[in-house]
Amino acid sequence: MTTQAPGAEPAERPSDTVDVCIVGLGPTGRGLASRCLASGLTVAAVDPHPDRLWVPTYSCWVDELPAWLPESVIASRIEAPTVWTLSEHRIERPYAVMSKTELWKALPIAGGRVEAQKATSVGAHRVELADGTAITAEAVFDCRGLPPVGTRPAASAHGIFIEAERVAEYVPPGEALLLDWRNENDAAADAPPSFLYSVPIGDGTVIFEETTLAIPGGLTQRELRRRVIARLRSHGIELDGSEHSESCHYPLDQPPPGWRGRKNEAIPFGSRGGMMHPCTGYSVADSLALVDTVVNALVSGDDPVGRLWTPRARAVYWMRERGLAGMGRLTTEQTVAMFDSFFRASPRGQRALLSAHDDATALGAVLFNTVAHTWPFRWRFDLMGWTNRNRWKA
């Protein structure tokens, strides 16, 4: 492995074309690099900080994780997380918070060529680097993450980490609040909706994260922090200043690559390539689960985009985008009613929306039934976009 730091004297570079060049070594890019190397492909990877551990907290449904990942990547496992809508729902599907350290270890890239610098140009077969050199490859994958939000439908969240024993009455050991829509965040009735996400991290702390989904431009960190503190206070929990926090803010409508005619473009993969779930904001587990689909296509000489984005998978993405648009124009009261309808669906229906990559039939059915069973009847017009289409747009 070779590593070239920005600003250093250019080292002699291999001139041969590699099989795969991966730009961006987040979990998705590192996972793709690792599995390509394991299959015998030659790999080059480009990232300004290739040895820096990732910052965000990554979670998933346990059954989303690919079989080749070891159990050690699970830092915290919750057998049946809770959702609060109009009432309490127990989701009988194991959920996990991943260990970033163990996930890193499980995705080795020894044997690959690693360039510790920025890519200044990323094309279908050539990546130009900040030091003036370039990498040529049979296939280039752009795994650099997402562009700025602007006014796009966004996921915004502010999380506070608190020692588990301090909050045991709110979130007992072995429990988690996946979506808590109870009216405890002191948000105005005419303000964009947000919910609480609270899970044990596996290091002795529990994260309390106020989250909003689908709102154009998202909410500010200041407002989200105010709301989560209000929730904590409603349960008798005061901050003492020792808690650390994390935040996120990213668009939810990043599309998959087109059907054809990519010309000189690299293949976007992971959140940059349509694998950011439009309705939930999750991407890591789904991307890792699909890595071998890409590797198998490369080894057999097929088009990775065609393998990943079948007509059914594209239909699923399109329907989820319709769901994203619907969520992005609802009030808090309407959102709670919509989620209450959804979480009464069958396990297959819930999976079709929350995680399945290409179960278009079940997804179509669950979306139809969710709208059909959201009451009162007139709120369905907002969900469909017939009324209040631009409610939260600036």
Inset, instruction - Identify the residue in region 292-325 that is of a type outside the set (F, W, Y) and not in a helix (DSSP H, G or I) and, among all such residues, is farthest from R380 (Cα to Cα). - result: G301
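Quick check on E71: is it within 27 Å of T335 (Cβ to Cβ) and either among the β-branched types (V, I, T) or at pLDDT 95 or above (or both)? It would help to see each step written out before you state the result.
Values: within 27 Å of T335 (Cβ to Cβ): no; either among the β-branched types (V, I, T) or at pLDDT 95 or above (or both): yes.
For E71, the condition - within 27 Å of T335 (Cβ to Cβ) and either among the β-branched types (V, I, T) or at pLDDT 95 or above (or both) - is not met.
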Inset, instruction - Please go through region 202-238 and pick out each residue that is loosely packed, with under 15 Cβ neighbours inside 10 Å and either closer than 16 Å to E169 by Cα or at pLDDT below 95 (or both). - result: G204, R233, S234, H235, G236, E238
Inset, instruction - Could you identify the single residue in E184, E163, E138 that is charged (D, E, K, R), touching a helix residue (DSSP H, G or I) at 6+ places or on another chain (Cβ under 6 Å), surrounded by fewer than 20 Cβ atoms within 10 Å (Cβ to Cβ) and touching a residue at least 40 places away in the same chain (Cβ under 8 Å)? - result: E184
Legend entry - Scope region 116-135; condition without any contact (Cβ under 8 Å) to a residue 40 or more places away in the chain and of a type in the set (D, E); matching residues: E128
Inset, instruction - May I ask you to say which residue of A67, A80 is touching a strand residue (DSSP E or B) at 6+ places or on another chain (Cβ under 6 Å), outside any strand (DSSP E or B) and surrounded by fewer than 20 Cβ atoms within 10 Å (Cβ to Cβ)? - result: A80
Legend entry - Of the criteria (1) in a loop (DSSP other than H, G, I, E, B); (2) within 28 Å of P81 (Cβ to Cβ), which one V97 fails: (1)
Inset, instruction - Answer yes or no as to whether A44 is outside any loop (DSSP other than H, G, I, E, B), closer than 26 Å to P173 by Cα and in contact (Cβ under 8 Å) with a residue 24 or more places away in the chain. - result: no
Inset, instruction - Go through the residues of region 329-336 one by one and say whether even a single one is surrounded by fewer than 19 Cβ atoms within 10 Å (Cβ to Cβ) and outside any helix (DSSP H, G or I). - result: yes
Legend entry - Evaluation of T85 against (1) of a type outside the set (D, E, K, R); (2) closer than 30 Å to A134 by Cα; (3) in the same structural domain as E184 (by TED's automatic domain parsing) (one fails), failing number: (2)
Legend entry - Verdict on T120 being among the polar types (S, T, N, Q) and either within 30 Å of S346 (Cα to Cα) or not in a strand (DSSP E or B) (or both): no
Legend entry - Residues of region 99-112 classified as buried (at least 20 other Cβ atoms within 10 Å of the Cβ) and touching a strand residue (DSSP E or B) at 6+ places or on another chain (Cβ under 6 Å), total: 1
Legend entry - Out of G258, G281, sole residue that is under 26 Å from P81 (Cα atoms) and either at pLDDT below 95 or in a loop (DSSP other than H, G, I, E, B) (or both): G281
Inset, instruction - Enumerate the strands (runs of 3 or more DSSP E) found wholly within region 170-246, keeping only those where 3 or more residues are hydrophobic (A, V, I, L, M, F, W, C), closer than 20 Å to T331 by Cα and not assigned by TED's automatic domain parsing to the domain that holds M338. - result: 205-216
Inset, instruction - Could you list, in sequence order, all residues of region 353-385 that are without any contact (Cβ under 8 Å) to a residue 12 or more places away in the chain and within 21 Å of W309 (Cα to Cα)? - result: T361
Inset, instruction - Mind counting the residues in region 166-176 that are crowded, with 22+ Cβ neighbours inside 10 Å and within 23 Å of the chain's Cα centre (by Cα)? - result: 1
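The values are calculated or read from the model by the stated rules, or taken from the named source; none is laboratory data. Just so it is clear, the structure is predicted and the values come from calculations on it, not from any experiment. With ideal geometry, Cβ positions are generated from the backbone for all residues, glycine too; neighbour counts draw on all protein chains shown.
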